Amino acid sequence: MRLQVGILASVVVAMLAAAMPAAGETRFASPHGDGTFPCKKSDPCPLLYAVSQGSSSTDVFLKAGRYEIGDDYLDPPPGAYIHGPRTGKRARVIANELGVFATYAGKLTDLTIVSTGGQALFANASSNRLVVERLRAFANDDAAFACLLPYEPGFTRNTLCVNRGDGPGMGVSVGGGPVAFTTNLVGVTGVSRGDQATSAGISVSVGSAIDMTVNISNAIAIGGPNAPDVIARDNPGGSDKVTLHIDHSNFNQAVAEGDLSEVVLAGSNQIDKKPRFVAPAKNDYRQRPSSPTIDKGTADNGFLGLGRFDFLGGKRAVNRPDIGADEAPRHR
């Protein structure tokens, strides 16, 4: 009888193990996928199902194409790696409201995220180890952020964040957490088309009696017509402080608001001439050869390398990279 019970228990354990996604496994999603667990490459699943079947350290690969998720949003499990093809056609996630709600630490790369009514990427305080690379994020809502980013020790690199609304929305917003921290924005292009005084390309704010330091390198920041390009903001009368260290970047105006915040520029490596993109009205933020940002970046900023690839998967120059998310091919 004990032998039979032992055999039965072993069978149950094996069945449960087979039904649960293992750490490090790859799930595949396709815009027209109708597969089920385990979401194999030959039988991909719908996007939301593939992500929901993940566990810690699960790899979810989105095949190229358009994923319309309506009022739903992606909420990757802890430690998950959500990504699409690095080159060629992209995986495009289209949401009516919030696009990606990054509740936990993990990694997001090589995706295009479009939100018509909210944040394209929202990383909350629990996602403080989130790594974001080679994303294109667009928010159409007037008051939304294209990229609401977490704090240290995660980072954002070679990523484009554009708010296309008319209100106070921002391209990139970094918010304070419960403890003092440092985070890095490298090779980021933040753009806001809003018409309010807060419609900055890159905005960093804090209000929890903490100190926040953000290192910004090889970045382009473009604010709306009534806003500065870069804002560092603390609460007046409080003890909180925002410090921005900016190096080899492109912007026209950076301001510190509040009592203690400051913007520290590294040498004379900043460029205030307007960058030239291929067709920004059509959301094409590749850089023209005539852009003043060409060859003006740095691959050695002292805190986080620029990475090997730009936001479209093209190779970065080794010695004289371009400022911004795009590395313009020399033959363009």
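Here Asp59 passes the criteria (1) more than 25 Å from Ser42 (Cβ to Cβ); (2) touching a strand residue (DSSP E or B) at 6+ places or on another chain (Cβ under 8 Å) except the one numbered (1).
Among the residues of the stretch 46-65, write down those that are closer than 15 Å to Val93 by Cβ, of a type outside the set (Val, Ile, Thr) and buried (at least 19 other Cβ atoms within 10 Å of the Cβ).
Pro46, Leu47, Ala50, Phe61, Leu62 - these are the residues of the stretch 46-65 that are closer than 15 Å to Val93 by Cβ, of a type outside the set (Val, Ile, Thr) and buried (at least 19 other Cβ atoms within 10 Å of the Cβ).
So which residues in the stretch 215-241 are assigned to a loop (DSSP other than H, G, I, E, B), closer than 13 Å to Ile202 by Cβ and of a type outside the set (Asp, Glu), if there are any at all?
Within the stretch 215-241, Asn218, Ala219, Gly223, Gly224, Ala227, Pro228 meet the criteria.
Mind listing just one residue for me: the one in the stretch 119-136 that is in a strand (DSSP E or B) and under 21 Å from Leu312 (Cβ atoms) and, of those, modelled with the lowest pLDDT? If we take residues in the stretch 119-136 being in a strand (DSSP E or B) and under 21 Å from Leu312 (Cβ atoms), then Val131 is modelled with the lowest pLDDT. Could you tell me whether the stretch 314-325 includes any residue that is without any contact (Cβ under 8 Å) to a residue 24 or more places away in the chain and among the polar types (S, T, N, Q)? The answer is yes, given that some residue of the stretch 314-325 is without any contact (Cβ under 8 Å) to a residue 24 or more places away in the chain and among the polar types (S, T, N, Q). Residue pairs whose Cβ atoms lie under 8 Å apart, separated by 6 or more positions or on different chains, with the first residue in the stretch 61-80 and closer than 9 Å to Tyr104 by Cα and basic (Lys, Arg) and the second surrounded by 15 or more Cβ atoms within 10 Å (Cβ to Cβ) and at pLDDT below 95, do not occur.
Between Asn218, Asn283, Asn269, the distinction of being touching a His at 6+ places or on another chain (Cβ under 8 Å) and on the phi > 0 side of the Ramachandran plot belongs to Asn218 only.
In the stretch 137-167, the qualifying residues are those that are of a type in the set (Phe, Trp, Tyr) and within 20 Å of Gly313 (Cβ to Cβ), and the one that is modelled with the lowest pLDDT is Phe155.
Conditions tested, residue by residue: (1) farther than 20 Å from Pro321 by Cα; (2) hydroxyl-bearing (Ser, Thr, Tyr).
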position: Ile231; (1), (2): yes, no
position: Asn235; (1), (2): yes, no
position: Gly238; (1), (2): yes, no
position: Val242; (1), (2): yes, no
position: Ile246; (1), (2): no, no
position: Phe251; (1), (2): no, no
position: Ser261; (1), (2): yes, yes
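Do you know which residues across the stretch 235-260 are under 20 Å from Phe181 (Cβ atoms) and under 23 Å from the mean Cα position of the chain (by Cα)? Result: Val242, Thr243, Leu244, His245, Ile246, Asp247. Among the conditions (1) closer than 28 Å to Phe181 by Cβ; (2) in contact with a Lys or Arg (Cβ under 7 Å, 6 or more places away or on another chain), Val278 misses just one, which is (1).
Of everything in the stretch 66-95 that's within 16 Å of the chain's Cα centre (by Cα) and among the hydroxyl-bearing types (Ser, Thr, Tyr), which residue is surrounded by the most Cβ atoms within 10 Å (Cβ to Cβ)? Applying the filter and picking the extreme gives Tyr73. Taken over the stretch 289-305, the criterion of being touching a Gly at 6+ places or on another chain (Cβ under 8 Å) and either at pLDDT below 90 or not in a loop (DSSP other than H, G, I, E, B) (or both) is satisfied by Ala299 alone.
Could you check, for the stretch 97-118, whether at least one of its residues is at pLDDT 90 or above, out of contact with any helix residue (DSSP H, G or I) (no Cβ under 6 Å at 6 or more places or on another chain) and closer than 23 Å to Ile210 by Cβ? No, the conditions are met nowhere in the stretch 97-118.
The values are calculated or read from the model by the stated rules, or taken from the named source; none is laboratory data. Quick caveat: nothing in here was measured; it's all calculated off a predicted structure. Ideal geometry is used to build each Cβ from the backbone, glycine not excepted, and the neighbour counts take in all protein chains shown.
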